[in-house]
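The values are calculated or read from the model by the stated rules, or taken from the named source; none is laboratory data. These numbers were taken from a predicted model, which means no experiment stands behind them. Note that each Cβ is placed from the backbone with ideal geometry, even for glycine, and that neighbours are counted across all protein chains shown.
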Amino acid sequence: MAEVPGTPQRKDGWEKAKVILEPVGGLLTALAVAGLGYYGSRVLEQRQTIDSNSRLYSELMSKREESESALRKDMFNSIIGSFLQRGGESGSLDSRILNLELLTQNFHESLDLKPLFLHLERQVSKIKIPAEHDDYLNRLETVARDVTRKQMWVLEEAGKKFERRIDLDSLRNNPGGIELDNDTLAVDEIKRDFRIVALQADPRSKNVKIRLEVRTLGDSSQAAPEANVVEFWVGFFDFPMIDNIRLSHDQRCSVVLTEYEDDSADITILEFPGSHASLKEKPYFEEILHNLQEHTGK
């Protein structure tokens, strides 16, 4: 049937939907843009808040470290000054031992305090009253053992250890020394064999002379591996983070005297990464390059 000229055409369903959806689509687009803008501004605001808080936290921590460093510096200068004054005899023996206790509480991982312990031990040896002499000596040994215990806790977490007991009666009857049971430790997949010989004992100073042989074990195709052999005295004033033996692959080992009785002495052999040694035990430049090459190759 032909359409009459001038008569408006009837709109089909699609055209009606277009008329309805066009304004709805514009409204949805506007809402989406507004939502994205709001969400983006919120994210940017949160990021700025996090950055601001991080900068504030860093500034506070930096100022805190600066104040602590200044306090430790003043404390160190004051305590060391009391030992280094004319003759090193300023103050009573009790106050000097107290100063040593303060040093060990704050600087035991970075300073070699053995000379101060030995100096005070010599001062204690001059005391003629037995009870007073024993009291000061026990106090020194208690401080030293506390330092050793703290350092061993740290080193044991990163390394390995084993313990041995030395029969001092047998050692007195064997001038050539007595050999203790060997053991093997593996740190960072590097296995080493430890051979220990107790050579002498000094009951007066409670020191034991040790010969330590450390042999790095390789695969079965290698010839007999070379060994590090050292002899040294070890006592309560030798601390493992400071007094240790440098091994290959930037590792260390240390022998620690933990007990000394009339008939026996207990020692602990520790092996640990060089990164856990004291601050003064810096690795050699060649060791740093070797470690970097190993990590790069993995």
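Contact map, region 180-195: residues that are over 18 Å from residue 167 (Cβ atoms) and in contact (Cβ under 8 Å) with a residue 24 or more places away in the chain paired with residues that are part of a strand (DSSP E or B) and among the small types (Gly, Ala, Ser), Cβ distance under 8 Å, separation 6+ or inter-chain. Pairs shown: 192/186.
Can you find, within region 61-119, the residue that is farthest from residue 244 (Cα to Cα) among those that are outside any helix (DSSP H, G or I) and at pLDDT 70 or above? Even if it seems obvious, please write down each step before you answer.
Filtering region 61-119 down to residues outside any helix (DSSP H, G or I) leaves 85, 89-92, 108-113.
Those left that are additionally at pLDDT 70 or above: 92, 108-113.
Values: 92: 33, 108: 15, 109: 13, 110: 14, 111: 14, 112: 12, 113: 14 Å.
In this case the residue turns out to be 92.
Yes/no per residue for (1) within 26 Å of residue 248 (Cβ to Cβ); (2) acidic (Asp, Glu); (3) at pLDDT 95 or above:
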position: 141; (1), (2), (3): no, yes, no
position: 147; (1), (2), (3): no, no, no
position: 154; (1), (2), (3): yes, no, no
position: 158; (1), (2), (3): yes, no, no
position: 165; (1), (2), (3): no, no, yes
position: 169; (1), (2), (3): no, yes, no
position: 186; (1), (2), (3): yes, no, no
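Being at negative phi, touching a helix residue (DSSP H, G or I) at 6+ places or on another chain (Cβ under 9 Å) and not assigned by TED's automatic domain parsing to the domain that holds residue 125 is the requirement here; does residue 205 meet it?
Details: at negative phi: yes; touching a helix residue (DSSP H, G or I) at 6+ places or on another chain (Cβ under 9 Å): yes; not assigned by TED's automatic domain parsing to the domain that holds residue 125: yes.
So residue 205 fits the description; yes.
Hey, residue 218 hits all of (1) modelled with pLDDT under 90; (2) touching a Leu at 6+ places or on another chain (Cβ under 7 Å) but one; which does it fall short on? Single failed check for residue 218: (2). Assess whether residue 210 counts as being modelled with pLDDT of 95 or more and surrounded by 15 or more Cβ atoms within 10 Å (Cβ to Cβ). So residue 210 fits the description; yes. When residue 198 is tested against the conditions (1) small (Gly, Ala, Ser); (2) at pLDDT below 95; (3) surrounded by 12 or more Cβ atoms within 10 Å (Cβ to Cβ), the lone failure is (2). So, of the residues in region 121-152 that are loosely packed, with under 15 Cβ neighbours inside 10 Å and among the acidic types (Asp, Glu), which turns out to be farthest from residue 108 (Cα to Cα)? Per the stated criteria, the residue is 132.
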